[in-house]
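Since the structure comes first, as structure tokens, the remarks are kept for the end.
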Amino acid sequence: MTTTNKHILDVFDPQTFLQEYWQKAPCVIKQFIPDFTDPIDEHDLAGLAQEEEVDSRIVSFNEGEWQATQGPFDDFEKVCAGKWTILVQGVDRYINEVSELAEQVKFIPNWRFDDVMVSYSVTGAGVGAHTDEYDVFIVQGKGSRRWQVGLPKDNYKHISPHPLLKLIDGFESIIDYELQTGDAIYIPPKHPHKGQTLSDCLNYSIGFRAPTNLELLQGVFDYGETLSEAQTRYSDPNLLELRGQVNALKVSGAEVSNQELTQLKNSMLALLESAQAQQAILSFLSRQALPDSKLEYVLTCNEVSDLLVAGKPIYKAPGVKPIYASTCKNDTLHAQNAKCEANASGIFQFFIDGEVFEIDASLAETVKDIIAQDAILTCPNNLTPIQQTQFFSLVTELVNAGYWYVEE
Ligand code: SIN
Ligand code: CO
């Protein structure tokens, strides 16, 4: 099948993309990144795949057989046989220029972003036809690749030619396109797809995530200590009301009445609506599995302020994606909202990789600015002496946590 124009964008406009394609339809975006040059090469990728803490795989099709091996790798010779692909997850957490690729999709919120997976594949290779649960933009680096994408269907035949490979047995494509360097393809969840390398190539998959409601609940309960402050115990001074008159009692002792179930569910909802639950949700959403880069020798607040005063930039580390809840401006619609309670407390909170950072709410806009930028260059000059101290102490905390760093 030939690809219809509807699926090929010559010009990319985020607004049209969100309206027509995001989570709805796949598309090829021609020259998504004009003049694209690869920030890494296959040797850098192989280097990362040797590291214990990096998630990597090599998939090959050799002499009619699929093979898949999980990293880390010491020896590539045996596994890189036939038509092979090396895939490395989370490269954005290690390499700044790869992390910067996510800037191309900054119209999608940070908390939806998962990682940038980079693959290198030799001519003729591919990981087979499959579906994924998440949205992805695949940017074509050097080389070229043919991508076929189909529509979601419940009855695709699933095959597993190797325990680590979950493939489908073919699909009808609505996109069949050869991506050149700088082009990208957007694939929504559950759309079957298959890449076939036409000349040795690098691909950058900017991947997103979306929790199920159960995953959200499980994630929130990991912050039990925060939540415990908002917990209340079930009580039923209204037991008579809940179960009916004693002398006319119809319900057996074994039964849990509908009213009791409603009261129990409402009490869970009250917990979820608390400011503490909001903090737990945001902590969970901010998790990124960043490498541990806490400083061994912590810097003092004075050292950090001296650096900034001397004009030494403090850079945001690769992969760091802070998030915060939007604030409401005396808006009656939001007046009862837990996030406004947090504002009313005079504290601005933001979250990085599951950790919460706090500062006086008067510095909220300053902090929003600095966390959006690649580097802190100076101390903003409109701060009072007290605010300056608070600002430097926050920057010190961020540097000591490894989320911002000073170049040697
Ligand atoms: C690849 O880069 O080879 C695989 C990307 C994908 O199909 O999700
Ligand atoms: Co895929």
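Observations
- Sum of side-chain charges, Asn110 neighbourhood, beta-carbon under 13 Å (Lys, Arg +1; Asp, Glu -1): +2
- Extension gain from Gln263 to Val298, taking 0.36 nm per residue of separation minus the Cα-Cα distance: 7.7 nm
- In Hz, Karplus ³J(HN,Hα) per residue of region 265-271 (6.51, -1.76, 1.60; θ = phi - 60°; x = Gly, Pro): 5, 5, 5, 5, 5, 4, 5
- Computed over protein heavy atoms with a 1.4 Å probe, the accessible surface of region 224-329 works out to 66 Å² per residue.
- Vicinal HN-Hα couplings computed from phi for region 298-312 (Karplus, 6.51 cos²θ - 1.76 cosθ + 1.60; Hz; Gly/Pro x): 6, 8, 8, 4, 5, 4, 5, 5, 4, 4, 5, 5, 7, x, 8
- Around Pro34: net Lys/Arg minus Asp/Glu count, Cβ-Cβ under 13 Å: -2
- The simple Förster model, with R0 at 35 Å and r as the Cβ-Cβ distance, assigns Asp74 and Asp200 a FRET efficiency of 0.95.
- Pairs from Lys316/Lys368; Lys24/Lys83; Lys166/Lys190 whose Cα-Cα separation, in the structure shown, is over 24 Å: Lys24/Lys83
- Per residue, region 35-161 exposes an accessible area of 49 Å² to a 1.4 Å probe, with every protein chain left in place.
- Histogram of C-alpha separations across region 75-120, 10 Å bin width, %: 23, 42, 22, 13, 1
- Amide H contacts under 5 Å for Phe32, placed H, 5+ residues apart: Asp183, Ala184
- Principal axis box of region 5-208, alpha-carbon based, largest edge first, Å: 46, 41, 30
- Carbon and sulfur %, accessible surface of region 5-208 computed with the full protein complex present, 1.4 Å: 46
- Two numbers describe the Cα atoms of the chain: Rg and Dmax, which are 25.8, 83 Å.
- In order through region 126-137: 3J(HN,Hα) via Karplus (6.51 cos²θ - 1.76 cosθ + 1.60), integer Hz, x for Gly, Pro: x, 9, x, 6, 7, 10, 10, 7, 10, 6, 8, 10
- The chain - mean residue ellipticity at 222 nm from DSSP helices (-39,500 (n - 2.57) per run, n ≥ 4, rounded to 500): -7000 deg cm²/dmol
- Per residue, in Å², the accessible surface of region 344-408 once ligands and nucleic acids are set aside, probe 1.4 Å: 47
- Student exercise, region 1-116 dipole from Lys, Arg, Asp, Glu Cβ charges, in Debye to nearest 20: 780
The values are calculated or read from the model by the stated rules, or taken from the named source; none is laboratory data. For clarity, every value in this text was computed on a predicted model and none was experimentally measured. Neighbour counts run over all protein chains shown; Cβ positions are idealised from the backbone, glycine included. Ligands, DNA and RNA are stripped out before the accessible areas are found, and what is left, the full protein with its side chains, is counted by its heavy atoms. Shrake-Rupley method; radii C 1.70, N 1.55, O 1.52, S 1.80 Å.
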